[in-house]
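Quick notes on the structure that follows.
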Amino acid sequence: MLASVTRLSRGQRWLFALALVLVLLLVWFFGFRDAAEKKPPPPNPWMGPTPVHVVKVTKEDLKVHIKAIGSVVPVNTVTVRSRVDGQLLRILFNEGQQVSAGDLLAEIDPATYKVRLDQAEGSLQETRAQLKNAEDDLRLYERLIQQKSIAQQQFDKQQALVDQLRGTLKNNTAQVDDARLQLSYTRITAPITGRLGLRRVDVGNLVKTGDADGLVTITQTQPIAVSFTIPENQLVAVRGAYLAAEKTSTALPVEAWDRSEQSLLATGKLTTLDNQIDTATGTLRLKAQFENTDDSLFPNQFVNARLHLSTLDGAVTIPIDAVQYGSKGTYVYVVEEGKAKIRPIKLGALEGARTSVLEGLAEGEQVVLEGIDRLWEGKDVKVME
């Protein structure tokens, strides 16, 4: 009897648990589920107005530039070498120093060349004395020949001696000039104005005229030049602007910017175009000159050159970041009555962060600059300050 009661109680417990589960399911279905369905869904951020920043289309004078990568080249570079052989006695410059043409840079031991000058001057003095004596005799022979006291042959011989000594005097004079010139070469001076490089020889060394490295190099940095190339397809525009500037006795401005194109280093002028196109690269080399009074340009430095060809007066311009590119060409989003509208445009010249628009926009229209990635035709927008 006790076992039967125990089995019955276990079955009742299972029935009770099943009934409880059914009650909970009914409560969730008719209570919480209905409340969840009646609760409004969260707002969809893609369906509301899109916040955007806009800029107005403006009219301004826009400079037309051609950009190219260039390198700074000195107008003149000279390797200072000795013109005579000898021991380097003194160095009178500092590395990197700015020097002017004619400044004394170094001295070579002049003793040997002073001795040669003294020898040449001695020979010159001796020849002068001989010539004076021969000329006195010749004047005496002239009187005697008139009196027919001497033979004509003796007179002619004296005349030849005078001519010979005059030639020797001229030769000795040239030797003195040469010796004095060689002595002057022991003082090495700067041939041009510029900045010195690193010293290549020390005091006490023997230097020769054939030394390839020389003593030091001088680079002229004021003024300085920038060499750059343009593609062949830009030749017509550049040459036309260059010839037009020549007729008005002006020059096309050229700007030199740093590698990041964030800092303007110097402003100069175009001086020349090469006389032929490089067939290997299809480019034409140009050269511009800069005063470089502040030494902002350094020889062999890489720069970004901007050649100013012309100025567009009253051009319609927008930021280049507002322009979009699609399968049908270039376009922008304009804001009309609180909605974004796609507007196809035709671009013109580009200057820095702004570009000219030839067709599609008018001054004063609002063009979307930020928030473009969430726009489409007819999308509601909210203009943010």
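Computed from the coordinates by the stated procedures, all read-outs in this text should not be read as laboratory data. Just so it is clear, the model here is predicted, and its values are computed rather than measured. Methodologically, a virtual Cβ is constructed for each residue, glycine included, from the backbone with ideal geometry; neighbour enumeration extends over all protein chains shown.
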> Percent of alpha carbon pairs in the stretch 284-378 separated by more than 21 Å?
Replying inline: 49
> Looking only at Asp373, Asp321, Asp258, which one moves most when the chain is put into a Gaussian network model with springs between Cα atoms under 10 Å?
Replying inline: Asp373
> Given the chain, what whole percent of its Cα pairs are spread farther than 39 Å?
Replying inline: 61
> By how many degrees, 0 to 90 and rounded to 10, does the Cα axis of helix 235-247 deviate from the longest principal axis of the chain?
Replying inline: 50
> Which entries in Lys63/Lys328; Lys247/Lys269; Lys170/Lys208 show an alpha-carbon gap greater than 19 Å?
Replying inline: Lys63/Lys328; Lys170/Lys208
> Taking +1 at the Cβ of each Lys and Arg and -1 at the Cβ of each Asp and Glu, which of Ala280, Thr189, Gln119 sits farthest along the dipole of the chain towards its positive end, judged by Cα position relative to the Cα centre?
Replying inline: Ala280
> Picking from Gly197, Gly70, Gly338, which is most flexible by a Gaussian network model of the chain using Cα springs under 10 Å?
Replying inline: Gly338
> Per residue of the chain, what 222 nm ellipticity follows from adding -39500 (n - 2.57) for every DSSP H run with n ≥ 4, rounded to the nearest 500?
Replying inline: -10500 deg cm²/dmol
> With the chain treated as a Gaussian network of Cα nodes joined by springs under 10 Å, which of Leu105, Leu15, Leu88 yields the largest mean-square fluctuation?
Replying inline: Leu15
> Given Cα pairs under 8 Å that are at least 6 residues apart, what percent is the relative contact order of the chain?
Replying inline: 27
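Nearest 20 debye, what's the magnitude of the dipole of the chain about its Cα centre given +1 on Lys and Arg Cβ and -1 on Asp and Glu Cβ?
Here the size comes out at about 1500 debye.
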> Could you list, bin by bin from short to long, the percent of Cα-Cα pairs of the stretch 110-185 in 10 Å steps?
Replying inline: 21, 33, 22, 15, 8, 2
>> Under 5 Å between amide hydrogens, which residues at least 5 positions from Thr229 or on another chain qualify, with H placed 1.01 Å from N in the peptide plane?
In response: Ile69, Leu286
>> Between helix 111-146 and the chain, what is the angle of the helix's C-alpha long axis to the longest principal axis, kept within 0 to 90° and rounded to the nearest 10?
In response: 40
